[in-house]
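J.: One structure coming up, written as structure tokens, with questions to follow.
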Amino acid sequence: MKRIGLLSDTHAYWDDRYLEYFESCDEIWHAGDIGSDELAARLTAFRPFRAVYGNCDGGELRRLYTEKLAWTCEGAEVLMTHIGGYPGRYDARIYPQLCKRTPQLFISGHSHILKVQYDKTLGLLHINPGAAGLQGWHQVRTLVRFTVDAGQFKDLEVIEMPR
């Protein structure tokens, strides 16, 4: 069983509450637009860290992280990318991969819109944690915490932080 802290679209904005909210987590996952090497290093120093780069990430972040990341966590296949779309409206760059080897959990960011949705057609859970940073039009910054246990997803929590 693992407790996961999930965020996206920090755009280099650091908030000390990230560490407070992710204190109970075993790992931190970032769905792109990290924004700075320093932010990634701080999260990596705090907990095991997995991330993909986003369309606004450049240079060193693109050398450290990949555009797509697939792995198994506690018996669940996970696929994460920054630009992924939503069930019924997946991005054309990721849809063939979702169909070829469907994960149990698909994570994407980019839209700055928090969404947790089950895709009945593909049989996967999609999570977009919204945006944890300040850049963008969103009025509330969001983070997500959840547990992965024997291939199942449990105890999902949304954390809202005012801008």
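J.: Can you confirm whether T72 is part of a loop (DSSP other than H, G, I, E, B), of a type in the set (S, T, Y) and open to solvent by 50 Å² or more (accessible area, probe 1.4 Å)? Spell out how you get there, then give the answer.
T.: Working: part of a loop (DSSP other than H, G, I, E, B): no; of a type in the set (S, T, Y): yes; open to solvent by 50 Å² or more (accessible area, probe 1.4 Å): yes.
For T72, the condition - part of a loop (DSSP other than H, G, I, E, B), of a type in the set (S, T, Y) and open to solvent by 50 Å² or more (accessible area, probe 1.4 Å) - is not met.
J.: Tell me which residues, restricted to segment 135-160, are part of a loop (DSSP other than H, G, I, E, B) and open to solvent by 60 Å² or more (accessible area, probe 1.4 Å).
T.: Passing the criteria: Q135, W137, Q139, A150.
J.: Could you list all residues from segment 20-66 that are under 25 Å from M1 (Cα atoms) and open to solvent by less than 10 Å² (accessible area, probe 1.4 Å)?
T.: F22, C25, I28, W29, H30, A31, G32, A40, L43, A51, V52
J.: Looking at C73, C25, C56, which one is within 18 Å of G85 (Cα to Cα) and over 12 Å from the mean Cα position of the chain (by Cα)?
T.: C56
J.: Contact list please: Cβ distance under 9 Å, first residue in segment 1-27 and over 26 Å from A150 (Cα atoms), second residue β-branched (V, I, T) and open to solvent by less than 10 Å² (accessible area, probe 1.4 Å), pairs at least six apart or on different chains.
T.: These pairs meet every condition: D9/I34; T10/I34; H11/I34; A12/I34; Y18/T10; Y18/I28.
J.: Can I ask one more? Which of the residues spanning segment 82-128 are of a type in the set (K, R) and either under 20 Å from R141 (Cβ atoms) or assigned to a loop (DSSP other than H, G, I, E, B) (or both)?
T.: Those that are of a type in the set (K, R) and either under 20 Å from R141 (Cβ atoms) or assigned to a loop (DSSP other than H, G, I, E, B) (or both): R93, R101, K115, K120.
A quick yes/no check of all residues on (1) more than 24 Å from L19 (Cβ to Cβ); (2) more than 17 Å from the chain's Cα centre (by Cα):
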residue: Y86; (1), (2): yes, no
residue: Q97; (1), (2): yes, yes
residue: I113; (1), (2): yes, no
residue: N128; (1), (2): no, no
residue: L143; (1), (2): no, no
residue: L156; (1), (2): no, no
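J.: Applying the selection to segment 73-87, what residues are of a type in the set (V, I, T) and under 13 Å from W29 (Cα atoms)?
T.: Within segment 73-87, V78, T81 qualify.
J.: Checking the structure you have, find out if any residue of segment 79-93 is basic (K, R), open to solvent by 60 Å² or more (accessible area, probe 1.4 Å) and without any contact (Cβ under 8 Å) to a residue 24 or more places away in the chain.
T.: Yes, there is a match, as at least one residue in segment 79-93 is basic (K, R), open to solvent by 60 Å² or more (accessible area, probe 1.4 Å) and without any contact (Cβ under 8 Å) to a residue 24 or more places away in the chain.
J.: Give the residues of segment 98-134 that are within 22 Å of D155 (Cα to Cα), hydroxyl-bearing (S, T, Y) and open to solvent by 10 Å² or more (accessible area, probe 1.4 Å), sorted by residue number.
T.: Scanning segment 98-134 gives a single hit, Y118.
The values are calculated or read from the model by the stated rules, or taken from the named source; none is laboratory data. From a predicted model like this one, the values you see are computed outputs, not experimental measurements. Cβ: placed from backbone, ideal geometry, glycine included. Neighbour counts: every protein chain shown. Calculation scope for accessible area: heavy atoms of the full protein, side chains included, ligands and nucleic acids excluded. Shrake-Rupley method; radii C 1.70, N 1.55, O 1.52, S 1.80 Å.
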